[in-house]
Each structure stands twice: as structure tokens, then as C-alpha cells.
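One structure is given here, and the rest of the page talks about it.
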Amino acid sequence: MKIGSDIIKVYKDVHIWIGIVSGLMLFIAFYAGSITMFEKPLERWATPPSTLAAAPSLQQADALVEAVLAEHPKAAARYFISVKPGADQPARVYWQERTQGRRQFKEFGASFDQHGKLQVEQTRKAPVAQLVDTLHQWVGLPFADAISRPIMGAVALAYAVALISGLIVLLPTLTKDMFALRIGKNIKRMWLDAHNALGLFSLPFHLVIALTSVVFAFHDQFYDAQDAAVYPQGIQWGGEQHDAPPVGATVLPATELLRRVQVQLPGFEVYGFGFQQKEGHVEATVTGLDIRHGTRARTYASTHLDPYSGHVDPHDLPGHMDGWNGSVNAFFALHFGSFGGNPVRWLYLLMGLAGAALFYTGNLLWVESRRRKRKGPETPAQKRSGWVLGCLTVGVSMGCVAGISATLAATKWLPALVVDLKAWHTGIYYAVFVAAIAWAFLRGASRGAVELLWASALFTLAIPLSSLAGLGGMGGAWSHAGSWPVDVTALLSVPVMLYIARRTRLRMQHGHTDSIWAQRTAAPVTAA
């Protein structure tokens, strides 16, 4: 395919500069996003053990609800019955109460002790999994949602433009370069082949992620535009009406509700029931998951349930939606990978890591392509712009990896030492992140990359070691039965990081001596 060289140059410039501006934020979004594919297992691994007695059977759930409402009448506003309590939600019954003066809630769980008396504790769900998800959503920015989300949307839109422009640049040599990976002395050629292969073969995935991210960032603006252009009276939310129950009707027991839901929704795994009092009667929802269908939320689907008859209104559930809602649901499911169970989640995790590598290699290419080559006995001074971008690429990328591992490793120790877990987890991440950037500028891109990879491997190794310490109860640490997948995954990541560090060190020692990746630490003095 022939395209004019002037057109190729324009699209190449667009691709390069968009990549330079947004690549580092996208690295954080993709690396953190790959981890969120297993947010629930991570949340279970990170949640401290409960002081409540073991959850009573589902048959006793209704008696437990009565005891809770008698002592905590505020719980009637909204409470939940869990069908399958777990490490992250150990209570059979839990509810939320609004914190005075703040738009936040405290969550409480309840059980019966060995003497049949009510036990209540504030739940201690670990915030670290949510922190990783927030880093993913806000591309690592430490600002409020109102600031970070529009920036994320702009980055995602630019990212979509970069994908299309990169494809246009590659089209003239597509057949020649599609399966090429030329490994040799020409480091720039090798990185370009790797970058092109990653981008081309994952292009559909990246387009889906980019476009869905734009919608997530600007959904309020899209709804406002619909209000103005399509709906003269505005979009009507919450217009569904549910008939009031007959006089004297009572809420069915939880076991009977479960039976009736299972009859109506075969293949739908029920997680729990939510209840709230409204206008003198009780309304309910059922929450669960059918892995045969993608969901709008990452790990669950929810719909209305009549608690008096057990009738399910399935129109909000995947597989039961109309055409428009089904297409919107598919839009969300494609972004979250919330279909097909764990095989798809592992695929999305690997694609997310490949995406992070795509942005990393893009910056390496920019630096290497602008290297002032050695033409005599003296080593030329490199441009400051290349040196700065190299240090930023190493510092931001390795800072993200090391910061997430460090805050995860601290998970098993912090609950016994501090009160505000969210603030501490956030502080640990950003402290390591900023320190990594400073270290990269202090040591240079080459040495900084090797040393920060070692640090990342050490922090990642500390994750399973903290669980191992929890087996003996050291320092208040703990370890849940069944949490080993998180520890094993972290342990397997350590040799990968060490291998990359070794290869980086070899490049530093035996690569081009006129490159910023050569073994030296001094910053160049020439202007950009």
C-alpha cells in the first residue's frame, strides 16, 4: 500500500508526540488495570480477619436480622444478607450507617456468638485493592475525581488518535514488518519491531479500552447532550414502579428467596440479597453473577426482587436485556473483561501488561532515535530532552511497579499499627513513586532502571513473605486460608523482574556507549 511520505510524516509526528505526552500516564493505567482484573481475590487476601464468630447458617439469617433491627434500628434503611460469606465479607448480615456531617458510610457486620447473643463489628475491608483501581481510573494522578477524570478522558481520546495514526504509519511496510522481530546489534530496530508487534496484534483491545474510557470520563456530558438533543423533558431516571405488597404480606425467609431465585434464574450464582424500607414496605434486590454473560459491573450483576413473592424482575440482568441495554452492557463488559470467567480475566491481565510494555517501548524508541551517534573518539553529549525523558520513563514506570508492590506488602502489617488505612496505603504508594523518580534522575536512566527493578523485585517478594509472617502471627500480620494465589503470583513475578534487570544491566554495559543507557550517571549539559 502506497501512502505519500509527507502524509506518513504528519501521522508519525502525531503518533510520537501523543505517545510522549500521554504514554507514562497510560503505563500506570494499564499496569494497575491489569491487577484489578483480580480485584476481588486481592481484596480477600488483604482484608484482616474478623473478630465475629463464624457466620450462622442461612436458615438463621432472618433471626439475625430481627436481632440487628431491634438493637440498631438505623439498619432498617438498608441491610444485606450474604448467601456466601467469605474472608472479605465474613458476616451473614451487614448494613451501612451514614457518618454525621460527611457523605460517607460506615459498614457493620453481625453474627451470633456461641451463646446466641448478637455480635457487631465495623467491617475492616482493606482499601488497597480500591487504591489500585483508583490509580487505574485516574491514570495515577493524585487529584480529586473531578480533576483526574477529565484528564483521564483527554488522555484516552489522545490515545485513540495515537493508535490510528500509528496504524497508518505502519501500513506501507505492514506485510514486511508484521512478524519481524530482528534481534541484534541494532537496538532501535529491535525495539521498533517489538513495539509494532505489540501495537498491531492488540489493536482491537486497545481501541476498545480507549473508546470506553472516553465514555466513562465524559458520561455526564454525554447525558447532558442527550437531554438537550433527544429528550425534551430530560432523561427520566428511576421511573420503574413496583406494586406495593398486599396488606398483611410478610417478607419471605432468605432460604426460600434463594430457592425461588434459583428456579427463575438457572446458572445465576446468588451472592446475596439487599433490603430497604420504603413508604411502609420493603423493597429488595438480588446480587450475583452468571459467567455466561458479561456484566456492567466488574464482578457482579444486580436486579429488583419482590421480597414478598420471590419474583425476580430480570430486565437489568445480562442475557435478559433488550437490544439497547444489551449493547450498553456489552460496552462495559468489553472494558472490564467481565465475561468468560477467569480465562478471560487472565487474558486481559496479560493484554494489560503488554499495553504497559507498549508505552514503555515507545518512549525508548523516541530516546534512541534522537541519540547523537558517535563519529569520532569522543563520546557526544546527548540532548537534555532525551536524558530527561529516559529518567522520567524509568522513574514513573518502575515507581508505579515498586509503589504498588510496596503498599501491597504493607497490607498485612498496617491494621495492627495505624487507624487510617486508606491514607497510609496512599502515602506509601506515592512516597515510593516519587522516590523512584528522584532516584532515576539522581542515578541516570541506565543505573536507575537496574536498581529500581531490583527494588521492585524486593517489594514484590515482600508480599508473600508478609503472608508467611502472618502464619506465625508476627507483628499482628495474618494469612487467610485460600489466599495463596496472590502470594504465588507475586512470587512468580520476582524472577521476571530480576531477569529484566539483568538484561537492562547487560545493555548498560555492552550497548552503545553514546546512548543515555550507557553506564554513567552525569546529566548532559546541552540544551534540548
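The values are calculated or read from the model by the stated rules, or taken from the named source; none is laboratory data. The shown structure was predicted, so the numbers you read here are calculated from the model rather than taken from an experiment. Using ideal geometry, Cβ is built from the backbone for each residue, glycine included, and neighbour counts are taken over all protein chains shown. Quick note on the areas: whole protein, heavy atoms, side chains included, nothing else; ligands and nucleic acids left out. Shrake-Rupley method; radii C 1.70, N 1.55, O 1.52, S 1.80 Å.
Summary of values
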quantity	calculated
Residue ID - modelled with the highest pLDDT, chosen from residues in the stretch 1-41 that are closer than 13 Å to Ile168 by Cβ, open to solvent by 40 Å² or more (accessible area, probe 1.4 Å) and of a type in the set (A, V, I, L, M, F, W, C)	Val14
Selection from the stretch 301-356 of residues that are assigned to a helix (DSSP H, G or I), surrounded by fewer than 18 Cβ atoms within 10 Å (Cβ to Cβ) and at pLDDT below 85	His315, Asp316, Gly323, Trp324, Asn325, Gly326, Ser327, Val328, Ala330, Phe331
Check on Gly482, under 24 Å from Lys412 (Cβ atoms), open to solvent by 40 Å² or more (accessible area, probe 1.4 Å) and touching a Lys or Arg at 6+ places or on another chain (Cβ under 9 Å)	yes
The stretch 452-477, residues that are in a loop (DSSP other than H, G, I, E, B) and surrounded by fewer than 20 Cβ atoms within 10 Å (Cβ to Cβ)	Gly472, Gly473
Filtered residue count, the stretch 405-425, keeping only those that are touching a helix residue (DSSP H, G or I) at 6+ places or on another chain (Cβ under 6 Å), in contact (Cβ under 8 Å) with a residue 40 or more places away in the chain and in a helix (DSSP H, G or I)	8
Residue match in the stretch 256-272 (condition: over 27 Å from Gly326 (Cβ atoms), surrounded by fewer than 17 Cβ atoms within 10 Å (Cβ to Cβ), touching a helix residue (DSSP H, G or I) at 6+ places or on another chain (Cβ under 8 Å) and polar (S, T, N, Q))	no
Selected residue [under 30 Å from Ala55 (Cβ atoms) and buried (at least 17 other Cβ atoms within 10 Å of the Cβ)] from Ala160, Ala126, Ala156	Ala126
Residue match in the stretch 303-317 (condition: under 23 Å from the mean Cα position of the chain (by Cα) and in contact (Cβ under 8 Å) with a residue 24 or more places away in the chain)	no
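Residue-wise test of (1) at pLDDT 65 or above; (2) within 24 Å of Tyr159 (Cβ to Cβ); (3) among the hydroxyl-bearing types (Ser, Thr, Tyr); (4) exposed (fewer than 10 other Cβ atoms within 10 Å of the Cβ).
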{"position": "Ser213", "(1), (2), (3), (4)": "yes, yes, yes, no"}
{"position": "Phe216", "(1), (2), (3), (4)": "yes, yes, no, no"}
{"position": "Gln221", "(1), (2), (3), (4)": "yes, yes, no, no"}
{"position": "Ala225", "(1), (2), (3), (4)": "yes, yes, no, no"}
{"position": "Ala229", "(1), (2), (3), (4)": "yes, no, no, yes"}
{"position": "Gln241", "(1), (2), (3), (4)": "no, no, no, yes"}
{"position": "Val251", "(1), (2), (3), (4)": "yes, no, no, no"}
